[in-house]
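Colleague: Have a look at this one.
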Amino acid sequence: MKAITSNKWVLVLVLFLVLTNLALVFFAFRVTTKAEKKEEKGFLTSKLNLTDEQDKEFKKHKEAFFTLMKPRWEEVNKLKDSLYSHLGDDEVSDSVINRYVDQWSTNSRESDKVLFKHFRELRKICTKEQQVIFDTLVPKMVKYQRKK
């Protein structure tokens with residue numbers, strides 16, 4: 001270490017390389033994130049080649065879906081918080097755990113039904129050719145979301 005600090009040029013070079021590597025990593029991940037968000041935003045519109053009218057209808061359904069689902073997602077988060085707040089408790093009965101998990105499962109089951117109905121409604125907006133593409137895209141999208 002003394003050899004590096006005694007040679008100031010080597011120290012400056014090492015610091016420069018470390019800083020440039022950190023900047024490169026930061027910008028590489030930042031650009032990827034923006035590109036992914038941009039791709040997600042118009043994914044169905046571009047893949048299905050929707051008309052402007054279809055796109056407006058899709059957006060209207062999407063807004064209604066998120067308005068309906070937001071309270072459900074908040075409820076799931078509250079249930080998870082409540083369940084995991086008992087993590088530090090020495091004695092937690094199975095009935096308490098089962099109650100949270102059952103409520104969580106019920107909410108999840110109902111949310112999946114709403115999601116399926118939402119996609120069925122969107123499918124009705126599509127032409128026959130678009131429906132073929134839609135029928136292959138949606139299962140892939142739902143599967144991808146589960147992996148996230």
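Colleague: Out of all the residues in region 88-123, which are over 19 Å from T67 (Cα atoms), among the charged types (D, E, K, R) and surrounded by 13 or more Cβ atoms within 10 Å (Cβ to Cβ)?
Modeller: Once the filter is applied, which keeps residues that are over 19 Å from T67 (Cα atoms), among the charged types (D, E, K, R) and surrounded by 13 or more Cβ atoms within 10 Å (Cβ to Cβ), region 88-123 yields R99, R123.
Colleague: Restrict the check to region 46-58 and report whether at least one residue is at pLDDT below 90, in contact with a helix residue (DSSP H, G or I) (Cβ under 7 Å, 6 or more places away or on another chain), basic (K, R) and surrounded by 12 or more Cβ atoms within 10 Å (Cβ to Cβ).
Modeller: Looking for residues that are at pLDDT below 90, in contact with a helix residue (DSSP H, G or I) (Cβ under 7 Å, 6 or more places away or on another chain), basic (K, R) and surrounded by 12 or more Cβ atoms within 10 Å (Cβ to Cβ), one finds at least one in region 46-58, hence yes.
Colleague: If you don't mind, another one. Out of (1) under 16 Å from the mean Cα position of the chain (by Cα); (2) among the basic types (K, R); (3) at pLDDT 90 or above, what's the single condition that is false for R109?
Modeller: Only one criterion is unmet by R109, namely (1).
Colleague: Would you confirm, using the coordinates I've provided, whether K41 is out of contact with any Lys or Arg (no Cβ under 6 Å at 6 or more places or on another chain), surrounded by 10 or more Cβ atoms within 10 Å (Cβ to Cβ) and at pLDDT 90 or above? Before you say what the answer is, go through the steps one by one.
Modeller: Numbers: out of contact with any Lys or Arg (no Cβ under 6 Å at 6 or more places or on another chain): yes; surrounded by 10 or more Cβ atoms within 10 Å (Cβ to Cβ): yes; at pLDDT 90 or above: no.
No, not satisfied.
Colleague: Test of understanding: among Q103, Q130, which residue is assigned by TED's automatic domain parsing to the domain that holds D52 and farther than 22 Å from N49 by Cα?
Modeller: Details: Q130 fails: farther than 22 Å from N49 by Cα.
Exactly one residue qualifies, and that residue is Q103.
Colleague: For region 106-127, what are the residues that are closer than 19 Å to E53 by Cβ, touching a helix residue (DSSP H, G or I) at 6+ places or on another chain (Cβ under 7 Å) and β-branched (V, I, T)?
Modeller: I125
Colleague: Being modelled with pLDDT under 80, outside the structural domain of D112 (by TED's automatic domain parsing), in contact with a helix residue (DSSP H, G or I) (Cβ under 6 Å, 6 or more places away or on another chain) and of a type in the set (A, V, I, L, M, F, W, C): is that true of V31 here? Break it down into steps so the answer makes sense when it comes.
Modeller: Details: modelled with pLDDT under 80: yes; outside the structural domain of D112 (by TED's automatic domain parsing): yes; in contact with a helix residue (DSSP H, G or I) (Cβ under 6 Å, 6 or more places away or on another chain): no; of a type in the set (A, V, I, L, M, F, W, C): yes.
Here the answer is no, as V31 does not meet what is asked.
Colleague: In region 38-94, which residue that is hydrophobic (A, V, I, L, M, F, W, C) and not in a helix (DSSP H, G or I) is nearest to V138 (Cα to Cα)? Talk me through it step by step, then tell me what you get.
Modeller: Looking only at region 38-94, we keep the residues that are hydrophobic (A, V, I, L, M, F, W, C), and these are 43-44, 48, 50, 58, 64-66, 68-69, 73, 76, 79, 83, 87, 92.
From what is left, the residues that are not in a helix (DSSP H, G or I) are 50, 87, 92.
Values: L50: 15, L87: 37, V92: 40 Å.
Looking at residues that are hydrophobic (A, V, I, L, M, F, W, C) and not in a helix (DSSP H, G or I), I get L50.
The values are calculated or read from the model by the stated rules, or taken from the named source; none is laboratory data. Everything quoted here is computed from the prediction, not taken from an experiment. Note that we place each Cβ from the backbone using ideal geometry, even for glycine, and neighbour counts take in every protein chain shown.
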